[in-house]
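The values are calculated or read from the model by the stated rules, or taken from the named source; none is laboratory data. Note that the structure is a prediction, hence the values are computed from the model and not measured. All Cβ positions, glycine included, derive from the backbone under ideal geometry; neighbour counts span all protein chains shown.
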């Protein structure tokens, strides 16, 4: 998402939306709101908030000197889901088969949202409902401090893989980078957060941040049909150490990479480098022994 946001920020900042054309709208909170409130808006900024894109909008004076939309700040919130793409295209270029939103700009281009599965989301929000929407999300993984990260991980009894993907804990970490970070830190995805010691927790935080930063530089990982805002595939998939490598040899120890469902998600890991947590024997807990 950060890659797409940076590309759009370079490309469409300062442009004005002239009109809106919609196709299928089952992923849009209120399609009528887009058609009513987006025309005349200037794109003031494009930001990332976890897995959401925030296209910040303002009113703009038209050629007649009249201020459109009364200048009330608003945001177009966009979630790309698993296969969504948002990118500018020449207006004369034919739309792809699964293009569902077209925002005509004042420079002859259209910002097009394309998504075959339509698992994403789009919503027009003013500041108050936006603030309420974003309160449910956790810390930014690129900015979280060592103290905050440890507090969010080591106080919880959920599996570490689930915690990394939990948007109320850390916003914006996806399945690929969770697996890659856990491999780098030598932590099994089924370990409980509260079982990690201070050193392991800090190693994981640094691994996560380093991997995310490198992935951003390389425009992300192109799995399936991912393209950035310039229509280019990412390159970080060439650096994957475990994700998508089931049965291949671990780059560290040469053991075969495994794929299992952990916390409801497909997880790739090395069974030798990432030691699995021990299973408690029935009746081995202090309470069970007291009641024996």
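Remarks
- Residue under evaluation residue 288, criteria (1) modelled with pLDDT of 60 or more; (2) more than 25 Å from residue 172 (Cβ to Cβ), criterion not met: (1)
- Condition met for residue 138 (in contact (Cβ under 8 Å) with a residue 24 or more places away in the chain and on the phi > 0 side of the Ramachandran plot): no
- The residue of segment 34-50 that is farthest from residue 110 (Cα to Cα), among those that are surrounded by fewer than 18 Cβ atoms within 10 Å (Cβ to Cβ) and touching a strand residue (DSSP E or B) at 6+ places or on another chain (Cβ under 6 Å), is 47.
- Across segment 262-274, the qualifying residues are those that are at pLDDT below 95 and surrounded by fewer than 18 Cβ atoms within 10 Å (Cβ to Cβ), and the one among them that is farthest from residue 192 (Cα to Cα) is 266.
- Filtered residue count, segment 117-131, keeping only those that are loosely packed, with under 15 Cβ neighbours inside 10 Å and within 19 Å of the chain's Cα centre (by Cα): 3
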